[in-house]
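Down below is the structure, laid out as structure tokens.
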Amino acid sequence: MLAFHRPLAAQTPDPWRITAEKIDPANYYGVTVANGMLGIVSAPVPFQVKNVVLAGAYDQYGRGRVSNFLNSFNLLNMYLEVDGHRLGAQDARNFHQQLDMQRAALTTTFDYADKATISYTTYALRHLPYTVLLDVSIRARKDVALTAASVMEAPDALREVQNYYNEIDRPHTTLSLLTSSAKSPTGKLLLCASTSFLFEEPHGQEPRIIHEMWDNNMHLMKFSRALKAGQTYAYAVAGSSITSAHHPDPLNEAERLTIFARLEGRKRLLEFHEKDWQRLWQSDIQITGDAQAQQDVHSMLYHLYSFSRAGTDYSPSPMGLSGLGYNGHVFWDTDVWMFPVLAVLQPEIAKSLVEYRFNRLELARRNAFAHGYKGAMYPWESADTGVEETPVWALSGPFEHHISACVALAAWQYYCVTQDKEWLREKGWPILSATADFWASRVERNGPGHYDIKNVVAADEWAENVDNNAFTNAAARVNLQNATAAARLLGLRPTPDWQHVAQNIPLLRMPDGVTQEHATYRGQGIKQADVNLLAYPLGVITDPAQIRKDLVYYETRVPNEGTPAMTQAIFALLYARLGDGAKAQHFFQDAYQPNLLPPFRVIAETKGGTNPYFATGAGGVLQAVLMGFGGLDITPSGITQRKTTLPTGWQSVKITGVGVQRKTYSVSR
């Protein structure tokens, strides 16, 4: 049984464990247990999960006539009956949940009357991308009769559900498999899931499994056990979920993977899972002087690590694997906000994010062709195929062109971190050169210094169909310069026009010298950082006086509500680099604390918002810590450290496992 330490409100926050004690089901935002492929979202009800999401599984349904993330089978729903009474939310006393971020484990404990104490832990197994484990322990306080069921339930959007139950006899065990398959809404995909019980009793003493078919969308398998007072009984459920987007034969593969987990056994499954997470946490951020910030930073790292995975070509959406937010689409959120954190701390995971873009380069070329441009024009919203997936009513689809420069920036940063010229030649160069060709064709050549980029949606998305947006122009300039640098590194001849165009793309100024967001900008409120991104991450503005001038101006243009979390993170990062610890502390806290939701302090997109988990915001805040307070810089010669300032109250920051050489960097007061 897991021993829970129930901290008083005044106690120091645990750096690795977030405990939810006062759970209000009406005000509950679940935490996600994920392994970069499969995400399980918690629920405030015993033995229930809210939903199960698989990376890469999309179909058209719902809003916008575009591809959407699909909920997979809810393969970890269960029920438990004690003395014939099925336990529900009303029966759970002392109901607590605790996320152990070191082990990526969510444990729920509760008491049922004076009869039993129940604990169960949910895992998305890190070493098995399609497999989950629910580990259950029941301590009887009185003599009780238990019935436990594993329930397989199909989400409403799926159709043509087929249910299967098999028992496979082996000399030392019987394998019971509860399996379902269904088609996605248009029939494009076949989704499959399978579960099996794991018992600790020797063969012959395992309980008898009974299968029940309820309806087409739900069936279950169950067993019964009698316990004596004081006895503890443990069992587990292992399950796998996979689709035809991941494997050509998902039905058989789901059962094979479940059998594999069943015969590996609970002990080995958890041993390999925990070893993989230990390896991930070798890249860590350690803070002294602010215990709450330490816990929150670990939560942000935990989510970025959970939402992404090495060895794939998947890239996380703004909400990662926490549900169906933003339809599971991939935006600049990944390339600009999450990617740099992973590039610095987990280069192998970051490689998957760039692989996603490389494998969809041909579709970006077709997109440029359709709009009358050369090179590659990446879609604003991307899903499985790489075509534009922005709903038609959103103008960002045809006009938010800076995404192409953001993709190129991530490709260049991956090279900078790894110094891998072979990768640059094979994968990075095609992206950099094609996007540079796009910008050379995209500009309108109106004379020296006036190679204008007109009619775009700015990074500040409240500015629609504007000319010469600061971020778009500067990002295009950086894209062209990095493509030129990549050509020279590879011994290739860069297109001379790239540098010529870069030198003639204008960056506008207002009469007082503040960088102007776009040609018709007159001081109105902004949705998110735009001009300030020219200092970081673009590095186009380097003069400290100009950086400060732009900060002082634009920090007053961001409303208190309705804006995403990344803006204040950039302000914190830049003020740290400018040596202003008080401002850095203010904007660090403002970047996420007003966005936190109960009971796990998960981040919503906006202050007062209710759509967690906003991985984009987590990426922005983590960059404030790594590149702001930690002083790390991604440069053409690798990762370096610059002079910086800690936020007021912080004593030190130690960053371990940085880059391919796994270096350690520290900043102390």
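The values are calculated or read from the model by the stated rules, or taken from the named source; none is laboratory data. Since we're looking at a predicted model, the values are computed, not measured. Counting neighbours? That spans all protein chains shown, and the Cβs are built from the backbone with ideal geometry, glycine included.
Residues in the range 258-274 that are among the basic types (K, R) and either on the phi > 0 side of the Ramachandran plot or without any contact (Cβ under 8 Å) to a residue 24 or more places away in the chain (or both): K267, R268. You will find that of L533, L507, the residue that is touching a helix residue (DSSP H, G or I) at 6+ places or on another chain (Cβ under 9 Å) and within 25 Å of C416 (Cα to Cα) is L533 and no other.
Tell me, please, whether a residue that is surrounded by 16 or more Cβ atoms within 10 Å (Cβ to Cβ), within 33 Å of the chain's Cα centre (by Cα), hydrophobic (A, V, I, L, M, F, W, C) and closer than 21 Å to Q623 by Cβ can be found in the range 479-490. No. Restricting the search to helices (runs of 4 or more DSSP H) fully inside the range 310-425 and requiring at least 3 residues that are aromatic (F, W, Y) gives 402-418. Of all residues in the range 76-93, those that are surrounded by fewer than 17 Cβ atoms within 10 Å (Cβ to Cβ) have Cβ atoms under 7 Å from Cβ atoms of residues that are of a type in the set (V, I, T) and not in a loop (DSSP other than H, G, I, E, B), 6 or more apart or on another chain, in E81/T147; D83/V144. Search the range 13-27 for residues that are closer than 30 Å to Q282 by Cα and surrounded by fewer than 18 Cβ atoms within 10 Å (Cβ to Cβ) and pair each with any residue that is modelled with pLDDT of 95 or more and of a type in the set (K, R) when their beta-carbon atoms are under 9 Å apart and the residues are at least 6 apart or on different chains. Close Cβ pairs (under 9 Å, with a partner that is modelled with pLDDT of 95 or more and of a type in the set (K, R)) amount to W16/R103.
Just a yes or no: is a residue in the range 471-487 under 30 Å from Y521 (Cα atoms), of a type in the set (F, W, Y), touching an Asp or Glu at 6+ places or on another chain (Cβ under 8 Å) and not in a helix (DSSP H, G or I)? Within the range 471-487 (the criterion being under 30 Å from Y521 (Cα atoms), of a type in the set (F, W, Y), touching an Asp or Glu at 6+ places or on another chain (Cβ under 8 Å) and not in a helix (DSSP H, G or I)), the answer is no, since none of the residues qualifies.
Summed over the range 632-669, the residues that are part of a loop (DSSP other than H, G, I, E, B) and either in contact with a Leu (Cβ under 9 Å, 6 or more places away or on another chain) or under 17 Å from I287 (Cβ atoms) (or both) give a count of 12. Run down T616, T645 and say which single residue is among the hydroxyl-bearing types (S, T, Y), in contact with a Phe, Trp or Tyr (Cβ under 9 Å, 6 or more places away or on another chain) and closer than 18 Å to T563 by Cα. The conditions single out T616. Each residue in the range 220-237 was checked for being farther than 16 Å from S137 by Cβ and surrounded by 15 or more Cβ atoms within 10 Å (Cβ to Cβ), and 3 pass. The selection criterion, being surrounded by 14 or more Cβ atoms within 10 Å (Cβ to Cβ), in contact with a Phe, Trp or Tyr (Cβ under 8 Å, 6 or more places away or on another chain) and under 19 Å from L158 (Cα atoms), does not hold for I209. All conditions but one from (1) surrounded by 24 or more Cβ atoms within 10 Å (Cβ to Cβ); (2) more than 19 Å from D497 (Cβ to Cβ); (3) in contact with a strand residue (DSSP E or B) (Cβ under 6 Å, 6 or more places away or on another chain) apply to Y451; the one that does not is (2). If the condition is being touching a Phe, Trp or Tyr at 6+ places or on another chain (Cβ under 9 Å), within 24 Å of S240 (Cα to Cα) and outside any loop (DSSP other than H, G, I, E, B), then the range 60-92 contributes S67, N68, F69, L70, M78, Y79, L80. For K374, the stated conditions do not hold, so it cannot be described as at pLDDT 95 or above, farther than 22 Å from T472 by Cα and basic (K, R). Filtered by the rule that a residue be under 13 Å from S404 (Cβ atoms), surrounded by fewer than 22 Cβ atoms within 10 Å (Cβ to Cβ) and in contact with a Pro (Cβ under 8 Å, 6 or more places away or on another chain), the range 352-366 gives L361, L363. What about V407, is it surrounded by fewer than 23 Cβ atoms within 10 Å (Cβ to Cβ) and of a type in the set (A, V, I, L, M)? In short, no. Among the residues of the range 201-224, some residue qualifies, meaning at least one is of a type in the set (F, W, Y) and farther than 30 Å from Y302 by Cβ. Checked against (1) among the acidic types (D, E); (2) in a helix (DSSP H, G or I); (3) surrounded by 21 or more Cβ atoms within 10 Å (Cβ to Cβ), E517 passes all but a single condition, namely (2). Of the residues examined, N51 is not one that is part of a strand (DSSP E or B), more than 28 Å from the chain's Cα centre (by Cα) and not aliphatic (A, V, I, L, M).
Residue pairs whose Cβ atoms lie under 9 Å apart, sitting 6 or more positions apart in sequence or on different chains, and linking a residue in the range 166-194 that is among the β-branched types (V, I, T) to a partner that is modelled with pLDDT of 95 or more and assigned to a loop (DSSP other than H, G, I, E, B), are T174/I209.
No other residue among A591, A565, A572, A618 is crowded, with 20+ Cβ neighbours inside 10 Å and within 20 Å of Q651 (Cα to Cα) apart from A572.
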